[in-house]
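Before any comments, here is the structure.
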Amino acid sequence: MGKLKIIALLVLIGASNFLLKAQDSISIFPNPTTGPVTIEISLSHTDTVTINIYNRWGQVAIHPITDTILQIGIHPILIDLSTKANEVYFGLVAFRHSDRRIFQILKQATLFIHAETNLTQNQIQIFPNPVGQFMKIAIPENMISKPCNLTLFNLQGNKIKIVQMDQCDNELVVELENIPNGMYFLRIENEQGFYQSKFIIQY
């Protein structure tokens, strides 16, 4: 029975991007995660929301909210998978006045590629935030003077801009011209691992 639930969820994932109204959105970060995850729901209308997180067997692992009324705006909902097994989880967000949304969360032991280099000890800093036509990024010491790639994603996970650098300086400036206002994710990575952070573009 559990396997049938997962098959049903996987089928729904393919179609779920079209279920919410265009102006509504759901973002999950960080993803992958070592435990804490924020589910950020942006609503253009008041709605009653229920969230369930399922493990690979179709069993409810976490039940963050049930029939909770959320007003117009952005609602961050924190869940914690720290005590759960390292595997893929499936989330179901059900709305009373809109269709449901399905997403995946990967829970793993670390957020870096090589165990001997923990990139989560330092965080990248983006300033100002919100940013305008240019974004300044303070790079952690363990990435300076090394090749790195910068990737900007929108909330749908689409790559908006990619910058490849032979050597990362301690401070980088990225041009954001012609990118629409909104919320985005910045990912900086090299052969040792990656950092990911959220920022807002507002001209």
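Below, the figures for the structure above:
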| quantity | calculated |
| --- | --- |
| Matching residues, the stretch 39-67, being among the aliphatic types (A, V, I, L, M), touching a Gly at 6+ places or on another chain (Cβ under 8 Å) and farther than 15 Å from K84 by Cα | I39, L43, I51 |
| Of all residues in the stretch 155-173 being within 16 Å of the chain's Cα centre (by Cα) and either at pLDDT 80 or above or of a type in the set (A, V, I, L, M) (or both), the one that is nearest to E189 (Cα to Cα) | K159 |
| Neighbours by Cβ (under 8 Å, 6+ apart or cross-chain): first from the stretch 58-78, free of Cβ contacts under 8 Å to residues at least 12 places away in the same chain; second assigned to a strand (DSSP E or B) and β-branched (V, I, T) | V60/I53 |
| Residue match in the stretch 84-105 (condition: surrounded by fewer than 12 Cβ atoms within 10 Å (Cβ to Cβ) and closer than 26 Å to Y184 by Cβ) | no |
| Residue match in the stretch 21-29 (condition: exposed (fewer than 12 other Cβ atoms within 10 Å of the Cβ), part of a loop (DSSP other than H, G, I, E, B) and without any contact (Cβ under 8 Å) to a residue 60 or more places away in the chain) | yes |
| Search result, residues across the stretch 75-96 that are among the hydrophobic types (A, V, I, L, M, F, W, C), farther than 14 Å from H63 by Cα and assigned to a loop (DSSP other than H, G, I, E, B) | A85 |
| Test set (1) among the polar types (S, T, N, Q); (2) surrounded by 15 or more Cβ atoms within 10 Å (Cβ to Cβ); (3) modelled with pLDDT under 85 - N17 fails condition number | (2) |
| Those strands (runs of 3 or more DSSP E) lying entirely in the stretch 127-175 with at least 3 residues in contact (Cβ under 8 Å) with a residue 12 or more places away in the chain and surrounded by fewer than 16 Cβ atoms within 10 Å (Cβ to Cβ) | 134-138, 159-165, 171-175 |
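The values are calculated or read from the model by the stated rules, or taken from the named source; none is laboratory data. Computed from a predicted structure; not experimentally measured. Quick reminder, even Gly has a Cβ in these numbers, built from the backbone with ideal geometry, and neighbours come from all protein chains shown.
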